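What follows is a single structure, written as structure tokens, with notes after it.
The values are calculated or read from the model by the stated rules, or taken from the named source; none is laboratory data. Quantities reported herein were computed from a predicted structural model and do not represent experimental measurements. Glycine gets a Cβ as well: all are built from the backbone with ideal geometry, and neighbour counts include every protein chain shown.
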């Protein structure tokens, strides 16, 4: 009787990664005035902006999980420094890039404040990945004990095995509650075959090891969501510049 379940410890991907996408070469949509009084001046600035946005895109593409999401911070900081060192001169574009820099600074500041949260999330995720492996081994041990037990002994545990929580997704608070409920429901379950009984109790015990970290992870995951407003505003600032330069908005 095989009881291995699909156990997924999903990693947080910072919502801010949705701020950018791949950036094609800029195309000017109008012949508006520039610092030199020509459309060529605006086109040159938009081409430079496209290069800067490409660096942001590359940071997003390299992002994986919590740690990867933080790659966006140095990329945004560089973008801010670049615009401050060489401000745009095209009317309209100058103001839009100043606003983009201001919002990027706000966003990166908030990201840095959440560094301890990200570190703890990453640590818990790593722990849950190891727990997943440990649980898989406990399930294999149970299967082995079940195959060696006297006829009918393993079948007695069937109803309890079918009620084992199915953990798939990232609803960690619910997972923790389901595991705790399951642990309580099997507290007095026993079978006569000692090895089988021990392996079942071990399986439930290992399963229950995830209760506290999952509850903590559920709480921690609420914090990065507070960045959603800043991330949406930053995305809008990026799109304002894109639109002025004839780039596709995101």
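One table, with the values for the structure above:
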read-out	value
Residue count for region 60-76, restricted to those that are over 13 Å from residue 111 (Cα atoms), modelled with pLDDT under 75 and part of a helix (DSSP H, G or I)	1
Boolean, residue 250 is farther than 19 Å from residue 137 by Cβ, within 28 Å of the chain's Cα centre (by Cα) and assigned by TED's automatic domain parsing to the domain that holds residue 135	no
Scope region 156-167; condition touching a residue at least 12 places away in the same chain (Cβ under 8 Å), more than 28 Å from residue 127 (Cβ to Cβ) and surrounded by fewer than 14 Cβ atoms within 10 Å (Cβ to Cβ); matching residues	158
Which listed residue, of 30, 94, is more than 30 Å from residue 157 (Cβ to Cβ) and either in a helix (DSSP H, G or I) or modelled with pLDDT of 75 or more (or both)	94
Number of positions in region 143-164 that are touching a helix residue (DSSP H, G or I) at 6+ places or on another chain (Cβ under 8 Å), in a helix (DSSP H, G or I) and under 17 Å from residue 208 (Cα atoms)	1
Residue under evaluation residue 113, criteria (1) modelled with pLDDT of 95 or more; (2) closer than 30 Å to residue 241 by Cβ, criterion not met	(1)
Failed item, numbered, when residue 132 is tested on (1) part of a helix (DSSP H, G or I); (2) outside the structural domain of residue 237 (by TED's automatic domain parsing); (3) free of Cβ contacts under 8 Å to residues at least 40 places away in the same chain	(3)
Only listed residue being surrounded by fewer than 17 Cβ atoms within 10 Å (Cβ to Cβ) and either in contact (Cβ under 8 Å) with a residue 40 or more places away in the chain or within 22 Å of the chain's Cα centre (by Cα) (or both), chosen from 120, 153	120
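Okay, residues lined up against (1) under 24 Å from the mean Cα position of the chain (by Cα); (2) in the same structural domain as residue 72 (by TED's automatic domain parsing); (3) buried (at least 16 other Cβ atoms within 10 Å of the Cβ); (4) without any contact (Cβ under 8 Å) to a residue 60 or more places away in the chain:
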site: 169; (1), (2), (3), (4): yes, no, no, no
site: 174; (1), (2), (3), (4): yes, no, no, yes
site: 193; (1), (2), (3), (4): no, no, yes, yes
site: 196; (1), (2), (3), (4): no, no, yes, yes
site: 200; (1), (2), (3), (4): no, no, yes, yes
site: 203; (1), (2), (3), (4): no, no, yes, no
site: 206; (1), (2), (3), (4): no, no, yes, no
site: 213; (1), (2), (3), (4): yes, no, yes, no
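Residue by residue, here is whether (1) under 30 Å from residue 215 (Cβ atoms); (2) touching a residue at least 24 places away in the same chain (Cβ under 8 Å); (3) surrounded by fewer than 21 Cβ atoms within 10 Å (Cβ to Cβ) holds:
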{"residue": "82", "(1), (2), (3)": "no, yes, yes"}
{"residue": "90", "(1), (2), (3)": "no, yes, no"}
{"residue": "95", "(1), (2), (3)": "no, no, yes"}
{"residue": "99", "(1), (2), (3)": "no, yes, yes"}
{"residue": "110", "(1), (2), (3)": "yes, yes, yes"}
{"residue": "125", "(1), (2), (3)": "yes, yes, yes"}
